[in-house]
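Notes for the one structure printed next.
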Amino acid sequence: MSSGHEYDSITVEQLRASGRYKWTTYPDAIGAFIAEMDFGLAPEIAEVFTPPLDLLMGYPTPAIVDAMAEACARWQRDAYGWDVPATSIRPVGDVLIAMRAAIDHFSAPGSKIILPTPAYMPFLKIPPMHDREIVEVPMLVEDGRYVFDMEGLDRAFADGGGMLILCNPHNPTGRVHTREELLAVSEIVERHGGRVFSDEIHAPLVFAPHRHVPYASISAVTAAHTVTATSASKAWNLPGLKAAQVILTNEADAAVWATPVVTRNELLASNPGIIANTAAYDRARDWLADTHAYLERNRALLKRLLDELIPGIGYEPGEGTYIAWLDARPLGIEESPADFFREHAGVALTDGTACGAVGEGFLRFILATPAPIIEQAVRRMADALARR
Ligand SMILES: Cc1ncc(COP(=O)(O)O)c(C=O)c1O
């Protein structure tokens, strides 16, 4: 199943030798559980790490912070047609720090956090750390696609919900919400005077014909009730460098962000991360296009392999992200399916229950790996099922 791409020749042994989390946490298993890519670093970003290195070791300077904001603004405009001024874009250590700041400073104490589920695992853990109760609103499945339960969202706001956590493109289901869906959400939020934290970290990884629509870009209403966070860290694989962007689309939020207690979050962004994000948005677009095409082929490959070797498993190829959301319920595995495949197939996946109660019986499989490794993983899973 070789596509002839150079990524095909990257081996498990090389990945293990890299020492990365994905390949050392379970030393005997194929790592498919954490959202890291196995494709190395774009040369245009690697150049940032050539001497002189002194600037990289310092605190963020206005010059590099402004350069990242301008690069992010250019990316938003060129990739999604969103004309957001660079002055509205601020640095932060990572997207989860942005989420924590948004909960603390833009949701009322005692209000509840509304979370459509299944959800990215930390989203279930963070709000309670900030004294906020979570209201899970399970998404509905229509024609195999996960969609918002609009009535459920409405009820959650009526029941004391203050801030909705939006994740678009969606981890773990791979959905890319349409403008119409987002507009319908915005009407509910606005009717209740609610807020939205919009995590758009996977936006560069959307597959045609789907298109990423930045939630805050839809209307003056969405701009006024939203705090957006994004980063080059998923699409260009830089999560260890710690830099992301908060996009503030109304004056009141920008004023709150500018207060010392909130601005301190900016100091958690690292210079290497800031400079690498800037290079990613401006100079590593060809690398992204090539990697994006590879991921698109991987998505189709996984579908073909599962249909052939594990036809019982449910898989709708995602509209975006490099995350596959597999419905293992029809396989009739009695224990946690992730434990089963780790133990009997040597494939480390995320158990769907980590994404909320509705994830029971599901698995998260990270597709950002060489195609031969996907094939090896699926064959091992099929063999383990056959040996039961
Ligand atoms: C939807 C989503 N948000 C946030 C993150 C974490 O991003 P960061 O490392 O910038 O906090 C991830 C990582 O996989 C993610 O999938």
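Kirkwood hydrodynamic radius, computed over distinct alpha-carbon pairs, for the range 233-388: how many Å, to one decimal? Before the final figure, lay out the partial values.
On the way: mean 1/r = 0.0549 Å⁻¹.
After inverting the mean inverse Cα-Cα distance, the result is 18.2 Å.
Which far-off residues, 5 or more places away or on another chain, put their amide H under 5 Å from the one on Asp149, with H placed in the peptide plane?
Under 5 Å from the amide H of Asp149 lie the amide H atoms of Leu140, each far enough along the sequence or on another chain.
Alpha carbon centre of the range 285-326 versus the range 334-388: separation in Å?
The distance from the Cα centre of the range 285-326 to that of the range 334-388 comes to 15 Å.
Tabulate in residue order the Karplus-calculated ³J(HN,Hα) for the range 112-120, using 6.51 cos²θ - 1.76 cosθ + 1.60 with θ = phi - 60°, rounded to whole Hz; enter x for Gly and Pro.
Computed from phi, the couplings for the range 112-120 are 9, 9, 9, 10, x, 10, x, 9, 3 Hz.
Rounded to the nearest 500 deg cm²/dmol, what is the calculated helix-only ellipticity per residue at 222 nm for the chain, with -39500 (n - 2.57) per DSSP H run of length n ≥ 4?
Rounded to the nearest 500, it is -12000 deg cm²/dmol.
Can you give me the pair-distance distribution of the range 39-193, C-alpha pairs, 5 Å bins, whole percents?
Taking every Cα pair in the range 39-193, the percentages come to 2, 7, 13, 16, 17, 15, 13, 8, 5, 3, 1, 0.
Would you mind getting me the FRET efficiency between Asp286 and Ala357? Use the beta-carbon distance for r and R0 = 30 Å, nearest 0.05. Could you put the intermediate results ahead of the total?
Numbers: r = 42 Å, r/R0 = 1.41.
Between Asp286 and Ala357 the formula returns 0.10.
Test of understanding: in a Gaussian network model of the chain with alpha carbons linked when under 10 Å, which of Asp78, Asp351, Asp54 would top the mean-square fluctuation ranking?
Asp54
Mind listing the phi-derived Karplus ³J(HN,Hα) values for the range 50-55, rounded to whole Hz, using 6.51, -1.76 and 1.60 with θ = phi - 60°, and x for any glycine or proline?
9, x, x, 9, 4, 4
Starting from the Cα of Thr61, step 7 Å along the direction of its Cβ; do the same at Thr25; then give the gap between the two resulting points in nm.
The answer from the label model is 3.7 nm.
Using only C-alpha positions, report the orientation-averaged shadow area of the convex hull of the range 325-388, nm², one decimal.
Details: hull surface 16.6 nm².
Its Cα hull, projected and averaged over all orientations, spans 4.1 nm².
Name the shape class, rounded, prolate or oblate, that the alpha-carbon gyration tensor gives for the range 264-339, where a ≥ b ≥ c are the square roots of its eigenvalues, rounded holds for a/c under 1.5, and otherwise prolate holds if a/b is larger than b/c and oblate otherwise.
oblate
On a full-extension model of 0.36 nm per residue, what is the gain between Asp339 and Lys125, subtracting their alpha-carbon distance, rounded to one decimal in nm? It would help to have the intermediate numbers written out before the result.
Values: separation 214, 0.36 × 214 = 77.04 nm, distance 2.13 nm.
Computed gain between Asp339 and Lys125 is 74.9 nm.
Once phi is turned into θ = phi - 60°, what whole-Hz ³J(HN,Hα) does the Karplus curve with 6.51, -1.76 and 1.60 give for every residue of the range 275-290, x standing for Gly and Pro?
5, 5, 4, 4, 5, 4, 5, 8, 10, 9, 6, 5, 4, 4, 4, 5
Considering only protein heavy atoms and a 1.4 Å probe, what is the carbon-and-sulfur percentage of the accessible area of the chain?
Details: 8450 of 15650 Å².
The C+S portion of the solvent-accessible surface of the chain is 54 percent.
Taking the chain as a Gaussian network, Cα atoms linked when under 10 Å apart, which of Ile201, Ile64, Ile97 shows the biggest mean-square fluctuation?
In the Gaussian network model the winner is Ile64.
Can you divide the C-alpha Rg of the range 133-204 by 2.2 N^0.38 Å and report the result to two decimal places? Walk me through the intermediate numbers first.
Details: Rg = 11.9 Å, N = 72, 2.2 N^0.38 = 11.2 Å.
Relative to the 2.2 N^0.38 Å estimate, the range 133-204 comes out at 1.06.
On average, how much accessible surface per residue is there in the chain, in Å², for a 1.4 Å probe, leaving out ligands, DNA and RNA? Kindly include the intermediate steps, with their values, before the conclusion.
Values: 15650 Å² over 388 residues.
Solvent-accessible surface per residue comes out at 40 Å².
Output the direction-averaged projected area (hull surface divided by four) of the convex hull of the alpha-carbon atoms of the chain, in nm². Numbers along the way, then the final one.
Numbers: hull surface 74.1 nm².
For the chain, the mean projected area of the Cα convex hull comes to 18.5 nm².
Output the relative contact order of the chain, whole-number percent, from Cα pairs under 8 angstrom with separation of 6+ residues.
Numbers: 727 pairs, mean separation 93.6, N = 388.
Relative contact order here is 24 percent.
For the range 158-269, place one equal point scatterer on every Cα, skip the solvent, and apply the Debye formula. What is log10 of I(q)/I(0) at q = 0.14 Å⁻¹?
-0.62
The values are calculated or read from the model by the stated rules, or taken from the named source; none is laboratory data. A quick note: this is a predicted structure, and the numbers were derived from the prediction, not measured. So basically every Cβ, Gly included, is an ideal-geometry build from the backbone, and we count neighbours across all protein chains shown. Just so you know, the surface numbers come from the protein's heavy atoms only, side chains and all, with ligands and any DNA or RNA stripped out. Shrake-Rupley method; radii C 1.70, N 1.55, O 1.52, S 1.80 Å.
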